[in-house]
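Right, one structure below, let's go through it.
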Amino acid sequence: MTSNLKLTDLPHPARELPPELDGFRVELDAARERADVILDRPPFNIVRMPQREQLRVVFEALDADPRVRVIVLRANGEHFSSGGDIKGFMEATPEHVSKLAWNIAAPARCGKPVIAAARGYCFGVGFELSLACDFRLASETALYALPEQKLGQIPGSGGSARLQKMVGITRTKDIVMRSRRITAKQAFEWGVVTECVPDAQLEAATDALVEELRAFSPLAQRTAKKLLNDTEDSTLSIAIELEGNGYSRLRSSHDFAEGVEAFHGKRRPSFKGE
């Protein structure tokens, strides 16, 4: 059963925020160990400045919530997000603006798998939020862009940096310096999007990925995510060393013993995250 969460329902420090979420809501389905963070300011789901900080705290709270195994970031309506509130940028202090990338990186810091499911416009901070997630599922209607050059600006929440890691400098310059829009199909071909599906199948594809991820060990998933994030910029020798350390730690876990026993017993494992 899915229920709407209020900030007061979430662990500290989420209780420090106002009782109403700014432009998004959170749904929890404890039976499926799933939480949905839903952008909900139709028709274009513009992301306002206060919303960024609230999103960060909510992701941190869901990361600490034992009822949640997988987090889905999606949107209400035809568009994921057309980007940020331009007026809000002009009114924000330099100190506030300096925190933009940290807030938007909350999905990447979260130890649990985070899926972004997008259709329609996925521009600016909407694209940057999606890039901070682990998996990006796209409807064939999705369009991705970092249009800040049209405002005399550059992406400020990690967009160009994350994108360059994924597609290289040539394609990133093409997208950023020309404010170029790319389709879901092209994003998939370039390795930005995990899966591109017909619009009517986006929810089913998201549900299927959630169930697939739930079947794995939560401990192994957290270890893999942290390892991959931490070694993205490291040398090969350091990456191999850290991978070995993670593998060694998992060898003594309950989940590894259960996985081996289930494999030999030809049954489905029952992982506990320990």
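Each reported figure results from applying straightforward, stated rules to the coordinates on display, with no laboratory input. Just so we're clear, the structure is a prediction, and the values are computed from it rather than from any experiment. Heads up, the Cβs are rebuilt from the backbone with ideal geometry, glycines too, and the neighbour counts pull from every protein chain shown.
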- Task: Highest first, please rank the peptides 108-118, 152-162 by the mean number of other Cβ atoms sitting within 10 Å of their residues.
- Result: 108-118, 152-162
- Message: Give me a comma-separated list of calculated 3J(HN,Hα) values for segment 177-191, in order, Karplus coefficients 6.51, -1.76, 1.60 applied at θ = phi - 60°, integers in Hz, x for any Gly or Pro.
- Response: 6, 10, 6, 7, 8, 10, 7, 4, 4, 5, 4, 5, 5, 8, x
- Item | Karplus 3J(HN,Hα) series, Hz, for segment 113-126 with 6.51 cos²θ - 1.76 cosθ + 1.60 (x for Gly, Pro) | x, 10, 10, 9, 10, 10, 9, x, 5, 9, 10, x, 5, x
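With a 10 Å Cβ neighbour count serving as the proxy for reagent exposure, in which order, fewest first, do 247, 121 appear? Can you show the working numbers first?
Numbers: 247 13, 121 24.
With the sparsest Cβ surroundings first, the list reads 247, 121.
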- Message: Straight-line reach from residue 150: which lysines fall under 19 Å, measuring Cα to Cα and dropping same-chain residues less than 8 apart?
- Response: 87, 173
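Between rounded, prolate and oblate, where does segment 93-241 land on the alpha carbon gyration tensor, with a ≥ b ≥ c its root eigenvalues, rounded for a/c under 1.5, else prolate if a/b exceeds b/c? Please report the intermediate quantities before stating the final value.
On the way: a/c = 1.62, a/b = 1.14, b/c = 1.42.
Cα axes put segment 93-241 in the oblate bin.
Express the relative contact order of the chain as a whole percentage, based on alpha carbon pairs under 8 Å and six or more residues apart in sequence. Don't skip to the end; give the middle numbers.
Working: 509 pairs, mean separation 36.6, N = 274.
Reported relative contact order: 13 percent.
Inverting the mean 1/r over all pairs of different Cα atoms, compute the Kirkwood radius of segment 218-265 and quote it in Å. Write out the running numbers ahead of the final one.
Numbers: mean 1/r = 0.0863 Å⁻¹.
About 11.6 Å for segment 218-265.
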- Which far-off residues, 5 or more places away or on another chain, put their amide H under 5 Å from the one on residue 73, with H placed in the peptide plane? 37, 115, 116, 117
- Item | In sequence order, calculated HN-Hα J values of segment 31-42 (Karplus, 6.51, -1.76, 1.60; Hz; x Gly/Pro) | 5, 9, 6, 10, 10, 10, 9, 10, 5, 9, 10, x
- Message: Using DSSP to call loops (not H, G, I, E or B), can you name the trypsin sites (Lys or Arg not before Pro) in segment 185-274 whose Cβ has at most 14 other Cβ atoms within 10 angstrom?
- Response: 266, 267, 272
- Query: Quick one: net charge of residue 170's neighbours, Cβ under 15 Å, K/R +1, D/E -1?
  - Reply: +3
- Message: Taking the 0 to 90 degree range and rounding to the nearest ten, how far is the long axis of helix 236-251 tilted relative to the main principal axis of the chain, both from C-alpha atoms?
- Response: 50 degrees
- Proximal lysines to residue 226, defined as alpha-carbon separation beneath 27 angstrom and excluding residues fewer than eight positions away on the same chain: 99, 112, 165, 272
- Long-range tail of P(r) for segment 99-142 (Cα pairs > 12 Å, %): 58 percent
